[in-house]
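Each remark here refers to the structure printed beneath this line.
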Amino acid sequence: ITSACKMRSVRRRVDPRYNNNRRWLRVALVILVVACAGLLFLDETILLHLYVTPVALYTLGSDRGFSHDCCLTNHFLRTIGRVELGCRMAREGDFVVLPEDLDEGGAFRTHFPVFPETAVEALEIAARDRLGCRLVRRSALPRGIRWVSYDYGRKFGAHPALQEWLATSMSLPQKLLPALESCGGDGFDGSLVPTVAVHMRVEEDWYGTNYSPDKRTPYCTMKKAQNGRLFCYSPSDIFNAIYNSKDVLSDTRRFSLLFGDVASRYEVGTRGHPLEVAKSYFPGSSIFHKSVSNTCLERLRRLTYNERALVDLWIATNAADFVGTPDQSSMSDLIVRIRQYKGLDGFSYSLPEKGEFKATSLKSCATQPLECVVESANFIK
């Protein structure tokens, strides 16, 4: 027995076939371990082409991110962003799962009901006819289908068909009507009003330092350094541009100012508060802001942040004229898009640092909604 064991040991050391087989076995084992580890970390969509049968593309529920206290327009734009990317990735025969917020029981259907059943049906039709994909609800998916998650990167939707759907399908919850009536200015009833709605980015978060890496530089100053253009617009800058462009506005006898908690540098008494500045430029006009109406403030206190934001958005989209900053604010951007699809014009204040104040007219898209043209015009004489 001892001799046999010794002979076997010698054969292992000298037989090249034995050693080669063993070496290849190790290599195969290493490759298998690496491949299995890679599958754990790779996005499932990288392997999408390996699936022969149709799959259901969806984003993870934790990716939904809906909150009552922040970023209403971001929620809207990211929701259609999920649909857009899913449709772009879907192969022939695949399904794109309707985002949870739009499905039955979702945020946009229950406690924040801005998209009724007819709106969701319109989105399914737009996805099919304009994006070429099958957008379906979870309850309508075939039994036993494979689910594949994808990361949409929290991107805003940019496809014209989806933006048109967003602009034309949104409805105002009945709960917000009392606040809308009291906060839109005297006699506002939801119809087109001869007023200039002005979205002013003059809040404390824009001029504060909490979002800056060094905690010292105002946020809008940091954005200027990153982008090489002006981002901090004072109330005087904004109304100087509006005053120089008053000839192209339909009516400047009435203004509705839209802004939140104003930055400390522009508080009442500093002569820089938006109401004080507006009255100095247009002394004979009616200047309205929610802070001047106790009824409005009382009704707004009963609403969430996003409900208050929707009231502002509704006021701006129904005003005869709108002035904002769509290149820097998703709120202004969405307001302009909604107005364009409704056939209404809007303006953006663009203030070069050399003191040459411009007003940019956003051409109405009533006749060609998918080919919106932005025209810049200098109204300074």
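Could you check how much of the accessible area of segment 225-283 is carbon and sulfur, as a whole percent, using a 1.4 Å probe?
Taking all protein chains in place, segment 225-283 shows 44 percent carbon and sulfur surface.
With all protein chains present, calculate the accessible area of R23 using a 1.4 Å probe and round the result to the nearest 10 Å².
120
Heavy-atom accessible area of M170 with all protein chains present, probe 1.4 Å, nearest 10 Å²?
20
What does the charge dipole of segment 58-150 about its Cα centre add up to, to the nearest 20 debye, if the Cβ of each Lys and Arg holds +1 and the Cβ of each Asp and Glu holds -1?
Result for segment 58-150 is approximately 320 debye, rounded to the nearest 20.
Calculate one ³J(HN,Hα) per residue across segment 78-87 by plugging θ = phi - 60° into the Karplus curve 6.51 cos²θ - 1.76 cosθ + 1.60, and present them in order as whole Hz with x for glycine and proline.
For segment 78-87, the Karplus curve yields 6, 5, 6, x, 5, 5, 4, 5, x, 5 Hz.
How long is the gain from R88 to D151 if the chain were fully straight, where each residue apart is worth 0.36 nm and the alpha carbon distance is subtracted?
Gain on stretching R88 to D151: 21.4 nm.
Given the pairs K223/K342; K175/K290; K155/K223, which are separated by over 24 angstrom at their Cα positions?
Pairs exceeding the cut-off: K223/K342.
Quantify, in whole percent, the carbon and sulfur part of the accessible surface of segment 299-340 (1.4 Å probe; protein heavy atoms only).
41
If I model a spin label at R23 and T270 as a point 7 Å from the Cα along the Cα→Cβ vector, what separation in nanometres do I get?
Label-label distance for R23 and T270, simple model: 7.6 nm.
So if we plug the beta-carbon distance of D205 and S236 into 1/(1 + (r/R0)^6) with R0 = 22 Å, what FRET efficiency do we get, rounded to 0.05?
Calculated value: 0.65.
Amide H to amide H under 5 Å from G346: which residues, 5+ apart in sequence or cross-chain, H placed 1.01 Å off N in plane?
L362
With a Förster radius of 45 Å, plug the Cβ-Cβ distance of E117 and D327 into 1/(1 + (r/R0)^6) and report the FRET value to the nearest 0.05.
For E117 and D327, the calculated efficiency is 0.80.
The values are calculated or read from the model by the stated rules, or taken from the named source; none is laboratory data. Bear in mind that the values here come from a model prediction, so they are computed numbers and not experimental data. Every residue, glycine as well, gets a Cβ built from its backbone with ideal geometry; the counts of neighbours run over all protein chains shown. These area figures cover heavy atoms from the full protein model, side chains too; ligands, DNA and RNA do not enter into them. Shrake-Rupley method; radii C 1.70, N 1.55, O 1.52, S 1.80 Å.
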